[in-house]
Amino acid sequence: MRIYSRSPLAALAASALSCAAAVVVPPAKHPVVLTWDSLGPGTRYYVETSTDLQMWTNATNTIATNTSLTFTGETSRIFRLWASNAPPQKVTLDWDSSAPSTDIAGYFIHYGSAPKSYTNRVDVGLATSVVVSNLVAGMTYYFAATAYSSAGLESDYTNEAVWQCSFRLRTSN
């Protein structure tokens with residue numbers, strides 16, 4: 001994701017680890033194997049299934065990162081996955097300076113759990129990348145960057161980068 005701004009920063013990009021996912025599986029007469037990436041030790045994963053999005057049935061809960069499920073019938077199934085007890089997650093933010101300036105003394109990364117409501121600020125100096133850790137799996141975070149001068153003046157915020165930890169749910173049969 002690239003975010004452009006009128007501030008002295010050209011772009012703010014967010015990339016994350018690979019906390020809910022869904023996949024549709026056509027009718028099958030053999031087991032369907034679902035796999036996903038680990039969120040870390042101690043995470044419990046819950047797989048639910050539905051044929052109509054109205055009622056969900058718990059198919060399994062596990063600490064493994066895969067499960068094999070067998071179902072019958074001529075109806076497609078929807079599987080969804082979510083997690084609990086996941087350890088803290090992290091996101092990597094990168095940005096480019098759009099206006100070469102000898103007066104930029106550093107950058108701040110601002111973030112919080114609501115749009116344009118930043119409760120945290122990280123001073124990253126002149127670095128153009130930072131890893132923000134201790135993020136809660138399943139929460140949505142909003143990030144913006146500012147540049148500051150040696151006189152203590154701060155630029156406008158960049159547009160927001162939005163990050164939410166999400167699974168990549170894969171199927172095979």
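The values are calculated or read from the model by the stated rules, or taken from the named source; none is laboratory data. Just so it is clear, the structure is predicted and the values come from calculations on it, not from any experiment. All Cβ positions, even for glycine, are placed from backbone atoms using ideal geometry, and neighbour counts span all protein chains on display.
The set of residues in the range 93-116 being of a type in the set (S, T, N, Q) and at pLDDT 90 or above consists of S113 alone.
For the residues V124, V136, V132, the requirement of being under 19 Å from the mean Cα position of the chain (by Cα), β-branched (V, I, T) and either more than 21 Å from A21 (Cβ to Cβ) or modelled with pLDDT of 90 or more (or both) singles out V132.
Considering only residues in the range 130-140 that are assigned to a strand (DSSP E or B) and not aliphatic (A, V, I, L, M), the one that is nearest to D103 (Cα to Cα) turns out to be S133. Got at least one residue in the range 40-50 being farther than 24 Å from M139 by Cα and either modelled with pLDDT of 80 or more or of a type in the set (A, V, I, L, M) (or both)? Yes, there is a match, as at least one residue in the range 40-50 is farther than 24 Å from M139 by Cα and either modelled with pLDDT of 80 or more or of a type in the set (A, V, I, L, M) (or both).
Here A127 fulfils each of the conditions (1) in a strand (DSSP E or B); (2) surrounded by fewer than 20 Cβ atoms within 10 Å (Cβ to Cβ) apart from (1).
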